[in-house]
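Everything below concerns the one structure shown next.
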Amino acid sequence: MDAGINDAKPLSYKGHTVRAFVHWTCGAGESPPLRIINVIVGLKSKVIQGPWESNEAAIEAVLKAAGEILDS
C-alpha cells in the first residue's frame, strides 16, 4: 500500500481562496484510490473523503465543501 500527501492547490470559490490538502492511499485492484481531503477556507476547515472516479469529481467535492464552510 502506497501513501502520500500533496502540497496545497489553491482554488477560488465565490471570491475566497480555498486550499485543499489531499492525502491518498492506493488500494489493490481496479478500485480508485481513497482520498482524504482537508479543505481550508480562511480559518475554517472540513475533512472530506471518498474514492472519486476522477480528479474533476474530487474538485467538485472540494468546492461543495467550501460552500458548506462558507455557509456555516
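Computed from the coordinates by the stated procedures, all read-outs in this text should not be read as laboratory data. What you see is a predicted model; the values in this text were computed from it and never measured.
Per-residue extension of 0.36 nm, minus the Cα-Cα distance of His16 and Lys46, leaves a gain of 9.3 nm for this segment.
The amide H of Trp52, built 1.01 Å from its N in the peptide plane, has Arg35 as neighbours under 5 Å, considering only residues 5 or more places off or on other chains. Using θ = phi - 60° in the Karplus curve 6.51 cos²θ - 1.76 cosθ + 1.60, the 3J(HN,Hα) couplings for region 44-53 round to 9, 9, 8, 9, 10, 8, x, x, 4, 6 Hz; x is entered for Gly and Pro.
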